[in-house]
Amino acid sequence: MPVGQQNPVHSWLQLLKWPGSPLSAKINVMRTQERPSGQPDKIRCCIAVYGCAKNQVDAEEMASRLTAAGYELTGDAGEADVVIVHTCGFIEDAKKESIEGIFQAVEAVKDRPDAIDVRDAEGVANAGDVSTAGTMRETSVPVIVTGCLSQRYPDELLKEIPEIAGVAGTAAPRDIVEIVGDVLRRDRAGRVRRVGTPGRGAPGSEGESIRFDTHLKRPWAYLRVAEGCRHHCTYCAIPSIRGGLTSRPEDEIIAEARHLSSLGIVELNLIAQDLSDYGYDRDGKRRLARLVRRLSGVPGVRWIRLLYVRPDGVDDELAESMALPNVAPYIDLPVEHGSPRILRLMGRPGTEQILRAVERLRKRVPDLYLRTTVITGFPGETEQDVLATADLLCEIGAHRVGVFPFSREEGTAAYNLPGVVPGHVARDRAEYLRRLGLSLSAESAAAMVGKEIGVLLERPSLRPGYWIGRGPHQAPEVDGVTYVKITGQGSEGRPADASLSSPASGAHLTSDTAHAGDRFIRACVTSPGILTLFAHETLV
Ligand code: SF4
């Protein structure tokens with residue numbers, strides 16, 4: 001931490017004015033009743049996850065490793081014996097959200113009368129098997145903070161939040177069973193600190209990646225293909241948190257895709273810090289296009305979706321691979337800004353590279369859906385620069401736009417750049433571009449009316465006659481949903497019509513269709529919502 005710089009964890013605490021902030025009211029609802037008697041005892045872990053899709057995959061991996069080691073999982077911190085808070089440490093707002101999450105966990109486990117004290121070394125050695133760990137005793141429950149915030153501020157977190165039993169960095173998903181063991185074995189005053197070099201270590205160092213199916217109760221999954229990043233965008237702290245680019249072996253990824261497909265997962269969302277850089281660390285060549293071609297050959301995979309592709313990583317080969325039939329005509333291509341001067345200061349690909357990338361993609365995938373993100377308030381930014389960003393968003397035909405005010409991150413090159421833009425100005429500019437983004441989304445949704453699209457049905461909705469799903473233009477968790485009206489009996493005769501109603505409408509599919517396991521249907525779009533679509537099923 002640079003000299004004289006205030007400990008960021010301390011400043012967030014001041015902000016939260018803990019305890020007694022309005023948050024506390026909300027937290028109390030997490031308490032639960034006593035552990036039902038007669039229930040077989042296993043050490044129960046609760047994993048709260050914050051941040052991006054990569055953190056979600058981390059949490060799924062931790063859940064799988066703990067389950068394999070004999071622990072039990074609970075979604076309720078109020079009844080857990082160990083709570084793991086997997087944090088984000090990327091930008092200010094995300095960091096604050098993680099800190100709030102830590103306090104929610106601490107509050108939820110405080111003074112738990114029913115908590116098990118398993119710090120009987122022998123008991124823990126049997127990992128998760130309480131019955132050999134001695135009797136239940138009054139004690140509190142350990143909270144372990146893992147992930148990016150711990151990787152960045154381990155000592156600040158331990159200093160400022162005495163309730164934390166341990167911190168572990170970005171390698172925590174790989175080592176979680178050991179970490180929980182260490183925490184449970186620690187003596188009363190002891191605290192665990194497991195923070196190594198950023199990232200998860202060399203490829204293959206984590207052994208086979210395990211993904212248990214118990215946690216994937218949906219027809220899609222994130223598939224992480226690499227960790228870390230070799231670029232050094234001047235505002236970004238990720239390389240210092242997650243380390244340099246580490247691509248997973250291609251065969252390991254294909255094996256995982258086969259495994260996921262065997263579980264009924266039909267949509268694979270490929271993730272990395274910069275997906276287009278996949279493989280570069282292994283043989284100096286970008287191998288994403290080859291990987292996509294191989295994945296498109298995995299039986300049962302109906303949609304492959306590319307998230308987080310840097311514009312300068314889009315070449316003809318990649319664009320060609322995106323024209324494959326089971327590659328969703330969708331890409332998340334962060335452009336970050338529209339002003340050539342600001343893009344240079346950011347260390348990002350310039351507007352020519354951005355336009356060339358989009359042109360290449362659209363040439364091979366004419367109906368491509370483009371999600372992007374931009375930053376406002378970067379040091380030195382002028383109103384003119386913001387207008388340049390607005391122009392670029394229109395020029396590339398963006399359909400979805402995420403907007404983030406600049407977050408001044410210590411340890412990044414942009415931290416000390418002159419021309420700091422006041423926070424409220426950055427937020428106003430962000431609001432301006434968000435509105436533009438919404439109008440671009442509304443335009444693209446309106447252009448879909450009358451079109452027939454594929455829809456991945458996810459779940460029945462509350463309103464009879466409707467299911468909730470996603471179209472090719474909707475990535476999970478960020479792009480809204482499509483409401484599909486389904487009527488008629490059985491898969492063969494399912495004429496349908498659509499009644500456009502408020503975003504709150506829902507659906508249910510005829511039973512045998514669901515059991516037919518084919519969650520993919522064709523539907524005709526009847527009307528747009530901003531982040532939703534309404535459609536009726538069409539006979540295939
Ligand atoms: S490409 Fe740039 S913004 Fe993205 S993770 Fe790497 S350094 Fe950060």
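Derivation of every value follows stated rules applied to the coordinates shown; laboratory data play no part. Not measured: the values here are computed from a predicted model. Every residue, glycine among them, receives a Cβ derived from its backbone with ideal geometry; neighbour counts consider all protein chains shown.
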- Once label points are set 7 Å from the Cα along Cα→Cβ at both Ser439 and Arg186, what is their separation, rounded to one decimal in nm? 5.4 nm
- Message: Along the Cα→Cβ direction, 7 angstrom out, place labels at Asp93 and Ala255. What is the inter-label distance in nm?
- Response: 4.0 nm
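Mind giving me the FRET efficiency for Arg218 and Asp428? R0 is 30 Å, r the Cβ-Cβ distance, nearest 0.05 is fine. If you can, show how the numbers build up before the last one.
Working: r = 38 Å, r/R0 = 1.25.
Efficiency computed from Cβ-Cβ geometry: 0.20.
Could you rank the peptides 476-483, 436-443 by their average count of other C-beta atoms within 10 Å per residue, with the highest value first?
Values: 476-483: 20.0, 436-443: 16.9.
Ranking, from highest mean packing down: 476-483, 436-443.
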- Let me know the shape class of the range 235-339, please: from the alpha-carbon gyration tensor, a ≥ b ≥ c as square roots of the eigenvalues, rounded when a/c is under 1.5, otherwise prolate if a/b is greater than b/c, or oblate. prolate
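Estimate the FRET efficiency between Ser140 and Arg341 by the formula 1/(1 + (r/R0)^6), using the beta-carbon distance for r and 56 Å for R0, to the nearest 0.05.
Details: r = 54 Å, r/R0 = 0.96.
It comes to 0.55.
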- Message: Explain nothing, just the number: dipole magnitude of the range 275-433 about its Cα centre with +1 on each Lys and Arg Cβ and -1 on each Asp and Glu Cβ, in debye rounded to the nearest 20.
- Response: 740 debye
- Item | Counted charge near Thr372, where neighbours are those whose Cβ lies closer than 10 Å (Asp, Glu -1; Lys, Arg +1) | 0
- Query: What is the spin-label model distance, in nm, from Lys110 to Arg293 if the labels are put 7 Å beyond Cα along the C-beta direction?
  - Reply: 6.0 nm
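What is the sum of charges around Asp315, taking Lys and Arg as +1, Asp and Glu as -1, for the other residues whose C-beta is under 15 Å from the C-beta of Asp315?
So the surrounding residues net to +3.
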- Relative contact order (%) - criterion: Cα under 8 Å, at least six apart; region: the range 383-453: 46 percent
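Given the Cα-Cα distance of Lys451 and Ala68 and 0.36 nm per residue of separation, how much length would full extension add, in nm? All intermediate terms of the calculation are to be shown ahead of the outcome.
Details: separation 383, 0.36 × 383 = 137.88 nm, distance 4.61 nm.
My answer for the length gained is 133.3 nm.
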- Query: Taking the Cα centre of the range 278-432 as the origin and placing charges on Cβ (Lys, Arg +1; Asp, Glu -1), which of Pro340, Gly423, Pro329 is farthest toward the positive end of the dipole?
  - Reply: Pro329
- Using unit Cβ charges (K, R positive; D, E negative) and no other charged atoms, how large, in debye to the nearest 20, is the dipole of the range 422-491 about its Cα centre? 140 debye
- Once the Cβ-Cβ distance between Ser262 and Asp76 is put in as r, and R0 is 35 Å, what FRET efficiency do you end up with, to the nearest 0.05? 0.70
- Message: I'd like to compare 352-359, 152-159: which one has the highest average count of other Cβ atoms within 10 Å, and what's the full order after that?
- Response: 152-159, 352-359
